[in-house]
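The next block holds one structure in the form of structure tokens; read it before the comments.
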Amino acid sequence: MDIREIQTTEIEDARRLLCENGWAHRVADPEAFRQLVSNSRRAFVAVQESRVVGFARAIGDDFSNGYLSMVVVDADYRRQGIGRALVLAVMGDDPRITWVLRAGRPEVMPFFERLGFVTSKVAMERNRAGSPDT
């Protein structure tokens, strides 16, 4: 398993992976997804035998604040440490950075708690227009 920064040639494979795993509403447009990856500060893939089986991206300033935005692993490859490896690769090891995320589905919260995330008492959000979260 190779965990590394995404290559341009892998962007469409990552988009398909997201579509197949519940993110189609956010990544349906290939060009918009390409721009999303391009504008991300960090975007990593997990590759097994030339197949993209995991994806994670983050935005931030690489100094103080980071936002973990997307983490997905192909259903056939879950529970093998790939999600954990992706999150750790995206976040890096700089202890000065505070990382936040939206874990809107209760079933994913234990995964992120094992990586040191705690429920915030200070966060606020303004949802995007047309968001199903509103």
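The values are calculated or read from the model by the stated rules, or taken from the named source; none is laboratory data. Note that the structure is a prediction, hence the values are computed from the model and not measured. Methodologically, a virtual Cβ is constructed for each residue, glycine included, from the backbone with ideal geometry; neighbour enumeration extends over all protein chains shown.
So if I check each of V37, V53, which one is within 25 Å of E107 (Cα to Cα), of a type in the set (V, I, T) and touching a residue at least 24 places away in the same chain (Cβ under 8 Å)?
Step by step, each of V37, V53 is checked, and only V53 is within 25 Å of E107 (Cα to Cα), of a type in the set (V, I, T) and touching a residue at least 24 places away in the same chain (Cβ under 8 Å).
Would you mind stating whether A43 is touching a helix residue (DSSP H, G or I) at 6+ places or on another chain (Cβ under 6 Å), among the small types (G, A, S), modelled with pLDDT of 95 or more and not in a loop (DSSP other than H, G, I, E, B)?
For A43, the condition - touching a helix residue (DSSP H, G or I) at 6+ places or on another chain (Cβ under 6 Å), among the small types (G, A, S), modelled with pLDDT of 95 or more and not in a loop (DSSP other than H, G, I, E, B) - is met.
Somewhere in the range 10-26, is a residue buried (at least 16 other Cβ atoms within 10 Å of the Cβ) and among the polar types (S, T, N, Q)?
no
What are the residues in the range 7-40 that are assigned to a loop (DSSP other than H, G, I, E, B) and within 12 Å of the chain's Cα centre (by Cα), if any?
Scanning the range 7-40 gives a single hit, S40.
Which of the following residues is farther than 22 Å from A129 by Cβ, assigned to a strand (DSSP E or B) and under 13 Å from the mean Cα position of the chain (by Cα): G54, G83?
Going through G54, G83 in turn, just one is farther than 22 Å from A129 by Cβ, assigned to a strand (DSSP E or B) and under 13 Å from the mean Cα position of the chain (by Cα): G54.
Quick one: is D94 assigned to a helix (DSSP H, G or I), surrounded by fewer than 16 Cβ atoms within 10 Å (Cβ to Cβ), at pLDDT 90 or above and on the phi < 0 side of the Ramachandran plot?
Spelling it out, it is not the case that D94 is assigned to a helix (DSSP H, G or I), surrounded by fewer than 16 Cβ atoms within 10 Å (Cβ to Cβ), at pLDDT 90 or above and on the phi < 0 side of the Ramachandran plot.
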